[in-house]
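The values are calculated or read from the model by the stated rules, or taken from the named source; none is laboratory data. Not measured: the values here are computed from a predicted model. Reconstructed Cβ throughout: ideal geometry from the backbone, glycine too, with neighbour counts over all protein chains shown. Just the protein is used for accessible areas: all its heavy atoms, side chains included, with ligands, DNA and RNA removed. Shrake-Rupley method; radii C 1.70, N 1.55, O 1.52, S 1.80 Å.
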Amino acid sequence: MDLSYTPEEEEFRARLREWLAKVLPTLPDRPAPEDWPGRRAYDLGWQRMLHDAGYADVHWDASPTTRLIFLEETEEAGAPYVGANFVGLLHAGPTIAAEGTAEQRARWLPPILRGEEVWCQGFSEPGAGSDLAALRTRARREGDDYVVSGSKIWTSHAEVADWCELLVRTDPDAPRRRGISWLAMPMDAEGITVRPLRTLAGSAEFAEVFLDEVRVPVANRVGAEHDGWRVTMVTLSFERGTAFVGEVLACRRVLGQLACAARENGRWDDPVLRRRLGRLEAEFRALWRLTQWNVSAAEVSGGGVPGVGGSLFKLRYSHARQDLYDAAADVLGPDRLDLDRPWVLDRLSSLSYTIAAGTSQIQRTIVAERMLGLPRGR
């Protein structure tokens, strides 16, 4: 498989690099981490700038390779991350683009690309996290509506979201992975209560969401009724296969900063630390190559939907990120517990990566069964 870039792709890179150099100095200061309304406005403003410059559709309509170039250049330039647009741009949007009707794509995709609407993810429940098929949130059909009751947890950006990609059980008597449907729920509907959750790092980007007889139009169902598990696998393939790609590049940047800091404070004299940083450099280079292979395979197979290679990437990346920030603690030495120092909060948040988007145990099972062909456990 050829992983090199074509002349057209390199031309796109040069054009994007020139545009970033011109617009990034004009951006306002980023809001404080705890100011979610301000962060929403900032992130939507950046998305609008991308839209007006012709780069907003890179996540869906461009080739996977062009998408990688976009992520490379924006990370290298220090451009804003997707932030509050994470679910809409990287989860719900690609799913609707792949599985939605023409009417659904026309309704929901342009506002995401224009920076007008934010989405959150309503998948996990108190009793259905890694075992997502155990979800119990019910949706009963009443005419042209579903009436939804239940609760969700770890709902990303719920407090500032306009829409929620929601998994519900539409047939309680069906086997676990059947009888599930994927809905787009308006967050201003009556009966929704959002309760923010504060993480170990002190942030509140997650929330509990309680649903009490919430009416969602049947027209907001993506995919057939009871076929939500298959649609969910499309969502998760994007979440595990491409949503973390920009973070790999960010980790490589942090690794270079760690090496500079170690040289300045004398920690570079430790050969064990040097070997550790060298191994991490090799790890993140390999992850970037794996990403290139995954997106190229998705492009060749058609549709651009990542395959099970995304689970292998997610498994290795989660642990590499934790190793990176453990190495940062070694570089910081006694300052590793000072929350005002660089990388300390990142180290705390890295602990969640082996749980979020499917635990490492789940990813190992997927790799074993779907990639290696090992027999299913009893």
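Overview of values
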| read-out | value |
| --- | --- |
| 3J(HN,Hα) from dihedral phi, region 344-355, Karplus parametrisation 6.51/-1.76/1.60, rounded to Hz, x for glycine, proline | 5, 5, 5, 5, 5, 5, 5, 4, 7, 5, 7, 10 |
| Length gained when the stretch R364-R275 is fully extended (0.36 nm per residue, less Cα-Cα span) | 29.3 nm |
| Apportionment of accessible area to carbon and sulfur, the chain, percent (1.4 Å) | 52 percent |
| Fully extended contour minus Cα-Cα distance, from Y5 to D330, at 0.36 nm per residue | 113.3 nm |
| Region 8-22 - phi-based ³J(HN,Hα) in whole Hz, Karplus 6.51/-1.76/1.60, Gly and Pro as x | 5, 5, 5, 5, 4, 4, 5, 5, 5, 4, 5, 5, 4, 4, 7 |
| Accessible surface, per residue, of region 137-292 when the full set of protein chains is kept, probe 1.4 Å, Å² | 45 Å² |
| Spacing of the two label points (7 Å from each Cα toward its C-beta) at V23 and A106, in nm | 2.7 nm |
| Relative contact order [Cα under 8 Å, 6+ residues apart], the chain, whole percent | 14 percent |
| Hypothetical label at A53: residues of region 15-45 whose amide nitrogen lies under 11 Å (7 Å Cα-Cβ projection) | 15-27 |
| Where GluC sites (Glu not before Pro) fall in DSSP loop in region 1-106, at most 15 other Cβ within 10 Å | E34 |
| Accessible area expressed per residue, region 1-107, with surrounding protein chains retained (probe 1.4 Å, Å²) | 49 Å² |
| R141 paired with C260, simple spin-label distance in nm, labels 7 Å along Cα-to-beta-carbon | 6.0 nm |
| Which label in (i) 132; (ii) 155; (iii) 200 gives the computed volume of the Cα convex hull per residue in Å³ | (ii) |
| Contour excess over end-to-end distance, with Cα ends at A224 and S149 and 0.36 nm allotted per residue | 25.0 nm |
| Leading residue at positive end of dipole, the chain (Cβ point charges), from A219, W60, L372 | L372 |
| Selected from L339, L71, L16 as most flexible by GNM, with the chain as the system and alpha-carbon contacts under 10 Å | L339 |
| Sites Y81 and D173 - FRET efficiency at Förster radius 41 Å, r taken between beta-carbons, to 0.05 | 0.45 |
| Length-normalised contact order for region 77-210 - Cα pairs under 8 Å, 6+ apart - percent | 21 percent |
